1. Give, as a single signed number, the net charge of other residues whose beta carbon lies under 13 Å from the beta carbon of Leu104, with Lys and Arg counted +1 and Asp and Glu -1.
2. Run the numbers for Ala429 and Glu269: contour at 0.36 nm per residue of separation, minus the present Cα-Cα distance, in nm.
3. Mind giving me the nanometre distance, one decimal, between the label points for Ile387 and Ala183, set 7 Å out from Cα along Cα→Cβ?
4. Fully extended, how many nm does the chain gain between Leu100 and Val176 (0.36 nm per residue separation, minus their Cα-Cα distance)?
5. Can you give me the angle between helix 389-415 and the longest principal axis of the chain, using Cα atoms only, in degrees from 0 to 90, rounded to the nearest 10?
6. Over the Cα atoms of the stretch 205-262, compute the convex hull volume and normalise it per residue, giving Å³.
7. For the chain, take the longest principal axis of its alpha carbons; what is the angle in degrees between that and the long axis of helix 167-182, to the nearest 10 within 0 to 90?
8. Can you tell me how the stretch 160-215 classifies by the Cα gyration tensor, rounded, prolate or oblate, using a/c under 1.5 as the rounded cut?
Amino acid sequence: MPKPSLTERPRRDGQTSAGTDRAALVHPLDDVLPGEARVLEAAEESLAGRRRGVRGLSPFLGPAFIAAVAYVDPGNFATNMAAGAGYGYLLLWVVLMANLMAMLVQAMSAKLGIATRKNLPEVCRERFPRKVSFLLWIQAEVIAMATDLAEFMGAAIGLDLIFGIPLFPAALLTGVAAFGILALQAKGFRRLEAVIAGLIGVIVAAFALQVFMAEPSASGIAHGVFVPGFAGTKSVLLAVGILGATVMPHVIYLHSALTQHRLVGATEEAKRRIYRFELVDVLIAMSLAGVINMCMLITAASVFHSRGLTEVGDNLTQVYDSLGTYLGHSSSLLFGIALLASGLSSSSVGTLAGQVVMQGFIDRRIPLFLRRLITMVPALLIIAAGIDPSKALVLSQVVLSFGIPFALVPLILFCRNRALMGSLVNRRATTVAAVIVASVIITLNVFLLEQTLIG
């Protein structure tokens with residue numbers, strides 16, 4: 001007898017039909033490109049147990065790498081460099097904890113998409129009152145603008161540092177480049193995933209070389225990673241900024257959209273298998289992001305804090321110049337290239353997230369060009385006004401941190417709902433861990449607000 005289908009094929013009429021002898025998986029678009037078809041066929045082979053090891057995992061790699069771009073965006077450069085220069089290795093434990101939080105959150109977001117075939121904003125619209133969904137959409141749009149601010153600033157600074165292009169035209173070029181990357185979607189999801197993963201690879205290589213050249217203190221790194229501590233209100237501000245730059249609200253929404261139709265399980269068992277593969281995707285991608293963030297802070301601590309240059313990290317242009325002074329021109333060039341790769345890739349991902357937010361919360365869709373234009377306007381205005389872009393970067397990450405609970409709390413509520421999630425419902429321990437994560441972030445934000453107002 002033929003094996004039962006593990007997956008479903010989305011049809012043109014919006015319904016699904018189970019495969020027969022060999023399960024069929026199709027991208028949610030009406031037409032599947034040849035390259036996508038090969039990936040989906042390979043995924044079916046993996047689900048059926050006919051592909052194992054790296055070959056079995058490879059068809060599932062991709063969504064978490066797109067999400068991971070948000071965890072190494074220019075906002076991370078600003079907060080990590082400021083933290084390392086100002087406080088040495090002190091806040092390395094914050095980077096580690098933020099990355100572990102990110103793994104948990106992104107795994108839950110991916111799980112929601114696989115279990116429900118809906119993204120987080122869509123589930124919010126279905127299950128919350130209309131006014132609540134509208135308010136969630138408004139705050140998500142503010143977060144999208146803060147995200148774009150960091151991404152555009154970073155890419156513009158990168159172009160300025162490497163090629164000497166003034167910030168305003170550099171920001172316009174960033175917008176054009178982001179459209180080019182997004183256009184790859186028309187050629188299939190695999191090409192977009194490959195380009196994003198390649199840009200992450202550039203950032204990894206750049207900072208691995210930076211750390212090698214910086215010759216950091218091994219004991220200082222170990223102490224910073226394993227001994228938690230703060231050193232005044234400003235260190236708390238930077239810690240919240242690190243959280244905001246690492247646990248990104250917009251990518252919590254996006255990850256569920258990346259998995260909701262990519263592979264559609266026909267049975268609960270198939271969904272569990274798909275989720276296990278996606279969990280590995282999350283672990284690999286988030287681990288790379290965590291390594292990059294730690295390398296940023298370690299480089300700043302080793303090069304700047306050790307020399308008493310505690311304010312250098314507040315300005316990315318000064319970081320670039322100082323790296324050239326103390327480690328040579330190749331080091332500053334690596335930093336500029338990594339910053340540019342980060343800004344270009346994260347700007348594209350931010351636009352995708354903005355589309356998901358609007359379509360999900362209020363069931364509206366606008367042209368991609370208009371979406372890109374709306375979110376880039378604040379960044380262009382700040383650049384035109386001559387505001388210090390590096391300080392704007394750090395503050396944007398604090399704004400992002402305040403948006404995290406509005407994405408994380410609904411995600412926790414939905415993932416613990418068995419009627420919604422089926423067999424992929426959170427275990428009690430997972431829910432407890434997620435509640436602790438949300439509580440820590442909210443508590444830090446309240447403490448920061450209180451200290452700021454008193455100060």
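1. With Lys, Arg at +1 and Asp, Glu at -1, the net is +2.
2. 55.5 nm
3. Between Ile387 and Ala183, the label points sit 3.2 nm apart.
4. Contour length minus the Cα-Cα distance gives 24.0 nm.
5. It works out to around 30 degrees.
6. Looking at the stretch 205-262, the number lands at 149 Å³ per residue.
7. Here the helix axis deviates by roughly 20 degrees.
8. Oblate shape, in that a/c is at least 1.5 and b/c is the bigger or equal ratio.
Read the figures in this text as sums done on the coordinates, not as results from a lab. All of these numbers come straight from a predicted model, not from anything done at the bench. FYI the Cβ positions are ideal-geometry reconstructions off the backbone, even for glycines, and counts take in every protein chain you see.
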